[in-house]
Amino acid sequence: MTTSAPRIRAARIEAPPGKTRRGWTGGDDSRLAFLFVLPAAIGLLAFYFWPLLRGMWLSFTSWDLLSAAEFIGFDNYTRMFADPVFWNAIRVTLVFVVLNIGIQTVVALTLAVLMQRLTQSTLVRSLILTPYLVSNVVAALVFFWILDFQLGIGNQVLEWMGLDRIGFFTSESWAILTVALVNVWRHMGYTALLIFAGLQAIPSNLYEAARVDGASEVRMFSSITMPLLRPILGLVLIISVIGSFQVFDTISVTTGGGPINATRVLQVYIYDNAFAQFDFGYASALSVAMLAILMIVTFIQYRITRAGQTDLN
Amino acid sequence: MTTSTSRSRRQGRRRAMWRTIVGSAIAVGLIGATGCATPTASTDATLDYWVWESLQVPAYQKCATGFEAENPGIEVRLTQYGWGDYWQKLTASLVAGAGPDVFADHLTKYPEFVTRGVLLPLDSLEATRDFDGSGFQEGLADLWVGQDGLQYGMPKDFDTVALFYDEGTLEDAGMTPADLEDLQWNPEDGGTFEDVIARLSVDENGVRGDEEGFDPGNVDVYGLASGGAGGDGNGQTQWAWLAAATGWEYTNADVWGDEYYFDDPRFQATLAWLFGLVDKGFMPSYQSVGTSPDPVQQLGSGQAALSPNGSWTISAYGRLEGIDLGIAQVPAGPIGHPVSMYNGLGDSISAQTDYPEEAAKFVAYLGSDACQIMVGEEGVVFPARPAGTEAAVAAFESRGLDVSPFTDLVDDGYTVLFPVTTNGAEILSIMVPVLEAIYIGSEDVSRMTEVNARINSILQE
């Protein structure tokens with residue numbers, strides 16, 4: 001990762017000056033090149049920018065799909081700020097993200113460090129990645145059955161141990177934690193592998209030097225691994241936090257947002273409004289709010305973790 | 001020389017590439033055009049007909065075949081989607097202008113379709129202009145009359161609610177099916193209905209709910225199965241039959257009411273009694289059944305003894321193994337007789353259809369004795385025409401099932417209609433979390449007063 005950056009800069013400098021002078025209108029090849037870029041550009045405009053702009057426009061309208069969208073100014077936003085379910089959805093989403101990312105990062109970091117320090121086996125690495133190969137919906141449904149209050153083997157085991165059964169997906173206090181843990185189970189291997197790749201980039205002579213100085217494993221972890229891993233950890237956090245904010249499938253196939261509103265995260269609430277009530281205007285306003293939140297969160301994260309800079313130099 | 005050669009070669013390559021691009025575009029266009037080719041000469045019109053109930057597909061396939069035989073030149077294409085996908089696909093296809101010509105419609109959905117102008121009134125088409133509502137079970141045709149007085153659906157089938165049970169379970173409790181006849185219920189002490197539920201509840205030590213030492217925290221068999229909080233279906237199989245037996249009604253009118261009565265003390269007392277059964281150990285808790293409880297499964301697994309459910313589930317109960325299935329009427333309430341919700345489905349014609357007159361012919365056929373008897377003979381639902389209902393009753397009887405607890409209520413007029421109002425989806429989204437909270441026990445039934453005010457303010461907007 002880190003070593004490739006200077007090479008790219010060098011490549012830019014070495015580019016023949018003639019190419020840049022002619023520009024895209026200058027030569028015949030550039031027109032053909034433009035033609036090749038066109039499909040991707042059209043794709044980007046049609047499937048990315050246009051829906052984004054249209055979504056923003058729709059958030060200022062009242063639209064139920066069947067009749068024409070009617071401009072209503074900021075009504076959807078006024079309604080949103082006064083909507084207790086919206087604020088509850090924000091709270092539930094944040095709780096989910098904190099639980100999911102918090103647990104996931106600690107587990108993944110531990111796995112990655114163990115992988116690097118104890119074994120370099122490709123088999124172990126592949127095994128750790130296996131849950132990620134299962135689709136979210138399948139993983140969620142399997143856990144939904146395992147943890148079923150009546151029939152689930154999870155609750156059977158609790159009972160054998162002399163404990164009370166737990167409504168993992170059906171109790172208000174457990175549901176969001178359960179959903180977060182299902183997501184942790186599925187994503188931890190992938191995250192661990194990303195972090196492991198970052199660990200591989202740390203020069204081994206640093207550890208050798210530390211070992212000569214008599215540093216313990218814990219000391220090496222806190223003084224070498226963590227500081228040098230910061231950029232990659234920052235990147236992993238940004239990616240996983242964005243993914244975590246967008247949780248939908250795990251909840252949709254298990255609790256559907258319930259009990260009451262205990263797992264009604266923002267995405268589920270957006271879906272309810274759009275596809276159950278066909279209130280696309282309001283759903284669009286909620287989506288714009290989601291976009292704004294994600295942008296702020298990413299910006300803050302980027303600044304805090306300084307993910308664009310490395311301490312290796 | 002060399003530059004001009006290479007340039008002309010490059011131009012040649014570019015021309016070839018342009019030719020390929022343009023050629024491919026034309027080819028794709030041609031393939032697309034052939035794909036849109038009109039049906040063969042023998043077919044004048046192809047009608048798309050959508051339904052959501054998979055068990056009804058064979059019956060309606062027969063109707064479609066029968067209709068095609070009577071109307072050469074019109075072809076019917078039957079499509080089925082599960083309930084969840086059905087409404088999304090339907091709405092999306094109506095937006096895209098590619099919806100079905102005729103589709104099975106529900107009372108919670110059609111008011112919004114009427115408001116958006118996507119349905120053709122039957123009165124506007126020749127084949128259905130002389131629609132006669134009296135040819136159907138009483139009241140069913142009125143459910144499909146819009147606020148403008150026009151008919152937007154052809155009655156298809158109807159459903160009511162009764163109690164399913166296993167005769168073996170009754171025997172174990174020292175009871176017979178006769179003990180389930182003429183049950184009385186009231187929201188204060190539950191009447192003889194609660195006595196039966198208590199008797200049928202058994203804790204893990206084998207102690208019955210009406211015996212000393214019953215442990216409500218460790219129950220093996222619950223007297224009453226749980227169908228959930230009922231927020232997403234107006235409590236049709238959960239509390240509607242109890243609340244209506246107190247004399248309570250949903251709204252201020254049979255259809256198109258603009259004021260709900262969820263603030264009525266009789267309604268709230270009913271909810272308090274029903275969900276109070278959880279603490280008594282007579283009904284499974286929300287925690288144990290979750291968001292989509294299945295009363296069929298609860299009876300089948302021996303987890304519950306009495307399983308209240310709609311007539312559309314008769315076949316599902318019939319397929320349970322190791323169960324000696326019996327059906328009993330819901331209990332009589334303070335008004336002196338039992339009451340069930342009476343819900344009717346219908347067939348509607350899309351305003352986007354290219355063949356409105358042909359669609360009307362098909363809908364007229366769907367509402368005819370000929371088709372409804374065929375549907376009845378399949379023994380899945382009760383068709384809306386009396387002859388169809390009789391055929392269904394006979395079909396169930398041939399399988400050893402006495403379904404009179406469902407039909408007697410209709411014959412006696414002991415029914416309450418499904419509430420047809422505007423803003424159905426929005427109302428349900430308000431009801432669901434609150435009723436769940438009441439079932440869980442984290443909200444008091446009095447919260448329904450506030451919910452009622454909110455719903456009524458939406459209706460009066």
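The values are calculated or read from the model by the stated rules, or taken from the named source; none is laboratory data. Model, not experiment: these values are computed from the prediction. Every residue, glycine among them, receives a Cβ derived from its backbone with ideal geometry; neighbour counts consider all protein chains shown. Accessible surface areas use protein heavy atoms only, side chains included; no ligands, DNA or RNA. Shrake-Rupley method; radii C 1.70, N 1.55, O 1.52, S 1.80 Å.
For region A:171-185, a residue qualifies if it is part of a helix (DSSP H, G or I), touching a residue at least 60 places away in the same chain (Cβ under 8 Å) and not β-branched (Val, Ile, Thr), and the qualifying residues are A:ALA175, A:LEU177, A:ALA180, A:LEU181, A:ASN183.
The lone criterion from (1) touching a helix residue (DSSP H, G or I) at 6+ places or on another chain (Cβ under 8 Å); (2) of a type outside the set (S, T, N, Q); (3) at pLDDT below 95 left unmet by A:GLY73 is number (1).
Checking B:GLU112 against (1) away from every other protein chain (no Cβ under 13 Å); (2) of a type in the set (Asp, Glu); (3) within 26 Å of B:ASN343 (Cβ to Cβ); (4) touching a Ser or Thr at 6+ places or on another chain (Cβ under 9 Å): exactly one of these is not met. Which one? With respect to (1) away from every other protein chain (no Cβ under 13 Å); (2) of a type in the set (Asp, Glu); (3) within 26 Å of B:ASN343 (Cβ to Cβ); (4) touching a Ser or Thr at 6+ places or on another chain (Cβ under 9 Å), B:GLU112 is out only on (1).
Results for (1) in contact with a Phe, Trp or Tyr (Cβ under 7 Å, 6 or more places away or on another chain); (2) under 30 Å from A:ALA197 (Cα atoms), shown as yes or no for each residue.
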position: A:LEU52; (1), (2): no, no
position: A:MET56; (1), (2): no, no
position: A:ALA69; (1), (2): yes, no
position: A:ALA89; (1), (2): yes, no
position: A:LEU94; (1), (2): no, yes
position: A:ILE103; (1), (2): no, yes
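Scoring B:THR353 on the criteria (1) buried (at least 23 other Cβ atoms within 10 Å of the Cβ); (2) more than 14 Å from chain A (Cβ to nearest Cβ) leaves a single failure, condition (1).
Quick check: is even one residue across region B:154-163 under 30 Å from B:GLY413 (Cβ atoms) and within 14 Å of chain A (Cβ to nearest Cβ)? Among the residues of region B:154-163, not one is under 30 Å from B:GLY413 (Cβ atoms) and within 14 Å of chain A (Cβ to nearest Cβ), which makes the answer no. Consider B:ASN218 carefully, then state whether it is open to solvent by 50 Å² or more (accessible area, probe 1.4 Å) and among the polar types (S, T, N, Q). Yes, satisfied.
Yes or no, residue by residue, for (1) touching a residue at least 60 places away in the same chain (Cβ under 8 Å); (2) surrounded by fewer than 21 Cβ atoms within 10 Å (Cβ to Cβ); (3) of a type in the set (Gly, Ala, Ser); (4) under 29 Å from B:GLY276 (Cα atoms):
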{"site": "B:VAL393", "(1), (2), (3), (4)": "no, yes, no, no"}
{"site": "B:ASP402", "(1), (2), (3), (4)": "yes, yes, no, no"}
{"site": "B:PHE406", "(1), (2), (3), (4)": "yes, no, no, yes"}
{"site": "B:PRO419", "(1), (2), (3), (4)": "yes, no, no, yes"}
{"site": "B:GLY441", "(1), (2), (3), (4)": "yes, yes, yes, yes"}
{"site": "B:VAL445", "(1), (2), (3), (4)": "yes, no, no, yes"}
{"site": "B:ILE458", "(1), (2), (3), (4)": "no, yes, no, no"}
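In this entry, B:GLN236 passes the filter for residues that are within 23 Å of B:ARG454 (Cα to Cα), assigned by TED's automatic domain parsing to the domain that holds B:THR169, buried (at least 18 other Cβ atoms within 10 Å of the Cβ) and of a type in the set (S, T, N, Q). For region A:173-216, the set of residues classified as out of contact with any helix residue (DSSP H, G or I) (no Cβ under 7 Å at 6 or more places or on another chain) and within 14 Å of chain B (Cβ to nearest Cβ) consists of A:SER173, A:TRP174, A:ALA175, A:THR178, listed by residue number.
Report yes if B:LEU170 is open to solvent by less than 50 Å² (accessible area, probe 1.4 Å), within 19 Å of B:ALA304 (Cβ to Cβ) and in a helix (DSSP H, G or I), otherwise no. Yes. Residue-level check: of (1) touching a helix residue (DSSP H, G or I) at 6+ places or on another chain (Cβ under 6 Å); (2) at pLDDT below 80, B:GLY99 misses just (2). Candidates are the residues of region B:252-282 that are touching a Gly at 6+ places or on another chain (Cβ under 7 Å) and part of a loop (DSSP other than H, G, I, E, B); the one that is surrounded by the fewest Cβ atoms within 10 Å (Cβ to Cβ) is B:GLY281.
Within region B:89-109, the set of residues being hydroxyl-bearing (Ser, Thr, Tyr) and within 11 Å of chain A (Cβ to nearest Cβ) comprises B:THR91, B:SER93. Within region A:199-213, if we keep just the residues that are under 29 Å from the mean Cα position of the chain (by Cα) and part of a helix (DSSP H, G or I), the residue that is farthest from A:THR110 (Cα to Cα) turns out to be A:GLN200.
Among helices (runs of 4 or more DSSP H) entirely within region A:53-145, having at least 1 residues that are within 14 Å of chain B (Cβ to nearest Cβ) and in contact (Cβ under 8 Å) with a residue 12 or more places away in the chain singles out A:75-81, A:84-118.
Under the condition of being away from chain A (no Cβ under 14 Å) and in a helix (DSSP H, G or I), the residues counted in region B:385-441 number 22.
Wholly within region B:1-96, which helices (runs of 4 or more DSSP H) include no fewer than the required count, namely at least 1 residues that are exposed (fewer than 11 other Cβ atoms within 10 Å of the Cβ) and modelled with pLDDT of 90 or more? Lay out the reasoning, then the answer.
Numbers: elements: B:2-35, B:57-70, B:83-95.
Helices (runs of 4 or more DSSP H) meeting the threshold: B:57-70.
Here A:PHE168 clears all of (1) surrounded by fewer than 19 Cβ atoms within 10 Å (Cβ to Cβ); (2) more than 22 Å from the chain's Cα centre (by Cα) except the condition numbered (1). The residues of region B:175-211 that are in a loop (DSSP other than H, G, I, E, B), more than 30 Å from the chain's Cα centre (by Cα) and aliphatic (A, V, I, L, M), listed by number, are B:MET175, B:VAL207.
Say whether the condition of being buried (at least 18 other Cβ atoms within 10 Å of the Cβ), among the polar types (S, T, N, Q) and either under 16 Å from the mean Cα position of the chain (by Cα) or more than 25 Å from B:ILE440 (Cα to Cα) (or both) is met by at least one residue in region A:171-194. Yes, region A:171-194 contains a residue that is buried (at least 18 other Cβ atoms within 10 Å of the Cβ), among the polar types (S, T, N, Q) and either under 16 Å from the mean Cα position of the chain (by Cα) or more than 25 Å from B:ILE440 (Cα to Cα) (or both).
Can you find even one residue in region B:341-349 that is more than 30 Å from B:ALA92 (Cα to Cα), open to solvent by less than 10 Å² (accessible area, probe 1.4 Å) and modelled with pLDDT under 95? Yes, the conditions are met somewhere in region B:341-349.
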